[in-house]
Every structure is written in C-alpha cells, then in structure tokens.
Amino acid sequence: MDHAEPGLDVVGCSEQDDARFHGLLPDTEVIWHVLRPLTGEDMDRAPKLRLIQKLGTGVNTIDLDAAAERGIAVANMPGRNAQAVAETSLLLMLAALRRLVAFDARTRRGEGWPAGRSLVGGELRGRTVGLLGGGEIAGLLRGMLEAIGARVLYTSRRPRPDDPAWRELDELLRASDVLSVHIPLTGETHHLLDAERLALLPPGAVVVNTARGAVIDESALVAALTSGRLGGAGLDVFEREPVDPANPLLALDNVVVMPHVAWLTGETWDRYFEVAAENCRRLASGRDLLHRVI
C-alpha cells in the first residue's frame, strides 16, 4: 500500500505484481518487505538497495546470505504485531472450539437449527492451553486466556524452571487441550510438530498456528484431523503460501483458515510504518538501525 511519509518517497507494490516490482527495483534504496520471498536475483535488480526492512518479525522469506554477500542490511521489528497476532490466535481457538465454519455454512444454507451432536462446541474456560513459544505474543495471549479462565502452560527454547507454567515440549503437548504455535521457522523447528508429536496431544485437541506453516507437518495434521484424533485446527499460515485451493486442509469443516493476516490491523500498520520510517532516517544519517538482523 502507498504511504505518505515526510522526506521519503514511498511507493506501494502488490506482492503478486512481479512486473511492477521488477520495474521499481533499479531505483529502490529500501524495500519494506512483507511476505513475498526476496532472492539474490531480486537484489541484483536493485543496485542502489541498502536496506531490506521487514514489516514484521520473521525473516525466513529473505535470502539473508544473498543480502550479506551484497552488503545489504536487513532489519525487522519484533513485537510490533504482537497484539494483533495474540488476538487472532484467541479468535482462531474460539472459532475452532465453537465449530464456526460448520455453523457459518449451515446458516448460509438456511438450515439453522437443530444442530447435530457433532457440532456441540466447547469453552476455553477450564481447558489447558499450551503455548509453543515464550515471546511477546505468547505472553500477551497468556494474559487473555487466563482472564477467560483457561489454564495456560508454555514451552520455550530456554528452560524457565522458576515459572510453574513452563514445561518441556513433550510434556506440554500431553497436557494441552489447545496448542497454539508462536515460534519462528528455522532448520530446528521445521516440522517440529510431526505425526509423532501431534499424537501426544489429548484426543480431540485443537491446534492453532499463527506463526509459520512449516512448523507443522501438514500431511500429519490432515491425517490427525481426518481420523478424528484431533478435534480441530485454526490456521493463519501454511507450508506453501498463498495456500493452494486444493490443499486438503481447506476441505475440512473442523478447520478455520485465514491467509496469513493475523497481523493485519490498522494499528499494526501504524506501528510498522513508524519503525520503517525511523530506520530510513537512521540509514540516511549513518546511525545504527533499529532491530538489525544483518
């Protein structure tokens, strides 16, 4: 989207419009990057490029090695989307537990009442919610869930033995009626939730993912949902994005989906632009960048 910022010439470009993107690159000094993968080839089209500013936290869609080789700085902005993502995670939990997709379809078909026993929903109050990750998003979500009356446990890369809510990963999975994913995608976390680990969840558990799709093995998730081993899922992210309409997850009425927009609020955009503009000013004046990755 276009954005007016004093002293900056900011031009918007759809992530699907490669022709326009390639046309803009030769004169581009800074890219404000959302999700479209950025390759070394893209960088070679931009000889003036000095900074790739991620609008968000995860930089897995940026070729960091290529940027480093070309002397291009990369920065992100951790925490600026935390409120929106935490709220969306809560939304997806509730939507999955209350069978929103199935009820929405029934209502639009004019079926209304009565609903079969399989559509009887559940409440978060009294359930154990496991948070995979201990960062700012997980912390905000923990407060929301505890206010509702859920029991909240979490795991993180660094053990926190002084916190009674902290658990080792497998112990967390065994205890979680709802599991919510809040970790970055790395070589270590790719398919962290495979068939073996998904099987540790209690029968009927719900899985929510607003982090990165490939943290979960989608084929294993489909199998667990189809068999009834898992009760539902709320997914904002997928292994391949944009998600293929033929993805079997989209055919399941116990799955609530969004197109990687958990962060997408007007308030988040305002926070993003504030940091992005400040880093442009810092780049121009030779000062240290905020949240520099490389």
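The values are calculated or read from the model by the stated rules, or taken from the named source; none is laboratory data. Note that this is a predicted model, so its numbers are computed, not measured. Neighbour counts are summed over all protein chains in view; Cβ atoms, including those assigned to glycine, are modelled from backbone coordinates with ideal geometry. Just so you know, the surface numbers come from the protein's heavy atoms only, side chains and all, with ligands and any DNA or RNA stripped out. Shrake-Rupley method; radii C 1.70, N 1.55, O 1.52, S 1.80 Å.
Suppose every K and R has +1 on its Cβ and every D and E has -1 on its Cβ; what is the size of the dipole of the chain about the Cα centre, in Debye to the nearest 20?
Details: 32 positive and 41 negative charges, 179 e Å.
That gives the chain a dipole magnitude of about 860 debye.
Hey, what did segment 158-224 get for relative contact order, percent, Cα under 8 Å, at least 6 apart? Here the relative contact order equals 38 percent. Each residue, residue 115 and residue 284, gets one label point 7 Å from its Cα in the Cβ direction; the gap between the two is 5.4 nm. If R0 equals 25 Å, the separation of the Cβ atoms of residue 34 and residue 157 corresponds to a calculated FRET efficiency of about 0.45. Sort out for me the Cα centre separation of segment 274-294 from segment 77-99, rounded to whole Å. What the calculation gives is 29 Å, centre to centre.
How many percent of Cα pairs in segment 1-103 exceed 20 Å?
Numbers: 2584 of 5253 pairs.
Tail of the P(r) past 20 Å holds 49 percent of the pairs.
Across the chain, Cα pairs under 8 Å and at least six residues apart give a relative contact order of 18 percent.
Taking all protein chains in place and a 1.4 Å probe, what share, in percent, of the accessible surface of segment 1-79 do carbon and sulfur account for? Could you put the intermediate results ahead of the total?
On the way: 1990 of 4040 Å².
The computed percentage sits at 49.
Using only Cα atoms, tell me the angle between helix 266-285 and the longest principal axis of the chain; keep it within 0 to 90° and round to the nearest 10. Compared with the principal axis, the helix lies near 30 degrees. Rolling a 1.4 Å probe across the protein heavy atoms gives the chain an accessible surface of 51 Å² per residue. Classify the chain: rounded, prolate or oblate, from the alpha-carbon gyration tensor (a ≥ b ≥ c, eigenvalue square roots; a/c under 1.5 rounded; otherwise prolate if a/b is larger than b/c)? It is prolate, given that a/c is not under 1.5 and a/b is the larger ratio.
If you place +1 on the Cβ of every Lys and Arg, -1 on the Cβ of every Asp and Glu, and leave all else neutral, what size is the dipole of segment 217-294 about its Cα centre, to the nearest 20 Debye? Walk me through the numbers before you get to the answer.
Values: 7 positive and 12 negative charges, 72 e Å.
Roughly 340 debye, rounded to the nearest 20.
Looking at the chain only, what percent of DSSP beta bridges run antiparallel? Nearest 5 please. It would help to have the intermediate numbers written out before the result.
On the way: 2 of 33 bridges.
The answer is about 5 percent antiparallel.
Note on residue 199 and residue 104: their simple-model spin labels are 3.3 nm apart, each label 7 Å out from Cα toward Cβ. Beta bridges from DSSP with both residues in segment 1-89: antiparallel share about 10 percent, rounded to the nearest 5. Of the GluC sites (Glu not before Pro) found in segment 179-265, those in coil by DSSP whose Cβ has at most 11 other Cβ atoms within 10 Å are 188. In whole Hz, what ³J(HN,Hα) sequence does segment 184-195 give by Karplus (6.51, -1.76, 1.60; θ = phi - 60°), x for Gly and Pro? Once θ is set to phi - 60°, the couplings for segment 184-195 become x, 8, 9, x, 6, 9, 4, 6, 4, 8, 9, 4 Hz.
When the charge dipole of the chain is built from unit charges on Cβ atoms (+1 for Lys and Arg, -1 for Asp and Glu) and taken about the Cα centre, the candidate among 116, 35, 214 whose Cα reaches farthest toward its positive end is 116.
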